[in-house]
Amino acid sequence: MAALDPNRYPLMWMNGESDRVALYALRDVSATDTVDVIQQFTIIKRAVIMGTTVAAAVGASISGTTVTVPAGANRDGAYLLVYGVAGVA
């Protein structure tokens, strides 16, 4: 398990001033890696990862502003779609 450096999950798109949706590109991620999106959110309500090893959308576990990459990922590229309460960004 590793807390990913922000350059491994750049923000690709974001919309919303009170509730917010954001799309991140994940680079070289594995199961149990964590992504902290505190710069864009105060709390996450839902997170979905669309990976390359398993070509499907999978719900990810969340805790506050941190998303945990689900089982099955192994040095993958993926997209992370997050919905939650907007932060200051």
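The values are calculated or read from the model by the stated rules, or taken from the named source; none is laboratory data. In this text, all values refer to a predicted model and were calculated from it rather than measured experimentally. Cβ: placed from backbone, ideal geometry, glycine included. Neighbour counts: every protein chain shown. Just so you know, the surface numbers come from the protein's heavy atoms only, side chains and all, with ligands and any DNA or RNA stripped out. Shrake-Rupley method; radii C 1.70, N 1.55, O 1.52, S 1.80 Å.
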Inset, instruction - Using a 1.4 Å probe over the heavy atoms of the protein chains, calculate the carbon and sulfur portion of the accessible area of the chain as a whole percent. - result: 56 percent
Inset, instruction - Obtain the nm distance between the two label points defined at Ser63 and Thr34 by a simple spin-label model: each point lies 7 Å from its Cα along the Cα-to-C-beta direction. - result: 0.5 nm
Inset, instruction - Using a 1.4 angstrom probe, figure out how much accessible area the chain has per residue, in square angstrom, rounded to the nearest whole. - result: 56 Å²
Inset, instruction - Identify, among Pro6, Gly64, Ile49, the residue whose Cα sits farthest towards the positive end of the charge dipole of the chain, taking +1 on the Cβ of Lys and Arg and -1 on the Cβ of Asp and Glu, with the dipole about the Cα centre. - result: Ile49
Legend entry - Point-charge dipole on Cβ atoms (K/R +1, D/E -1) for the chain, about Cα centre, debye to 20: 100 debye
Inset, instruction - Any chance you could get the radius of gyration and Dmax over the Cα atoms of the chain, in Å? - result: 11.8, 34
